[in-house]
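Report on one structure; see the data block that follows.
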Amino acid sequence: SVSVSPGTIVSGQSGSGTISLTQAAPAGGATVTLSSSNSSAASVPTSVTVLSGATSANFAVTAGSVSTATSVTLTASYAGGSKTFGLTVNPVPAALSAVSVSPSTIGSGQSGTGTVNLTASAPAGGAVVTLSSSNTSAATVPASVTVPQSSTSTTFTVGTGNVTTSTPVTLT
């Protein structure tokens, strides 16, 4: 058999594969040929040797860069037979990279435009980003915004209250 742990790997990470024979490898070992149906999504060495007397050997599976979940079939061949194992390579999940407001100074009673940026495109259904203000009587933001699927940013309105002095506010 051939297997990989974990069965789902994130782009840029690796997994551990295992080749198992039905009986101990002969003297000199057993060289098992490996292949990937999509070597840019998941690469494996061209072969792995099960040492003489052993029944299994390990190998590395390295995930490449993918933009969508990608199914890959690994095939191990030895002595005229072959076994396959399916795994999935997922893109790196999006993370929040920045939040900004334009203009950075807003007059009392006026509004500005906030922008949230992600490190990667939002997944199916979008990415919900929670927002907060350190002083809601001076500046308000929606409780959350959704970055649309396949986008890396979205905007929101920053409202201001009536203040009598310059009031610093931190948006998170």
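The values are calculated or read from the model by the stated rules, or taken from the named source; none is laboratory data. Note that the structure is predicted; figures quoted are calculated from it, not measured. Every residue, glycine as well, gets a Cβ built from its backbone with ideal geometry; the counts of neighbours run over all protein chains shown. Side chains are part of the model used for accessible areas, which takes the heavy atoms of the whole protein and leaves out ligands, DNA and RNA. Shrake-Rupley method; radii C 1.70, N 1.55, O 1.52, S 1.80 Å.
See the values below:
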| quantity | calculated |
| --- | --- |
| Number of the exception - residue 12 against (1) touching a residue at least 60 places away in the same chain (Cβ under 8 Å); (2) within 15 Å of residue 85 (Cα to Cα); (3) loosely packed, with under 15 Cβ neighbours inside 10 Å | (2) |
| Selection status of residue 31, hydroxyl-bearing (Ser, Thr, Tyr) and either surrounded by 15 or more Cβ atoms within 10 Å (Cβ to Cβ) or in a strand (DSSP E or B) (or both) | yes |
| Positions within the range 19-28 being closer than 30 Å to residue 65 by Cα and open to solvent by less than 40 Å² (accessible area, probe 1.4 Å), in sequence order | 19 |
| Failed item in (1) more than 22 Å from the chain's Cα centre (by Cα); (2) β-branched (Val, Ile, Thr); (3) farther than 30 Å from residue 143 by Cα, with residue 61 passing the rest | (1) |
| From 145, 169, 129, 158, residue being aliphatic (A, V, I, L, M) and either open to solvent by 30 Å² or more (accessible area, probe 1.4 Å) or not in a strand (DSSP E or B) (or both) | 169 |
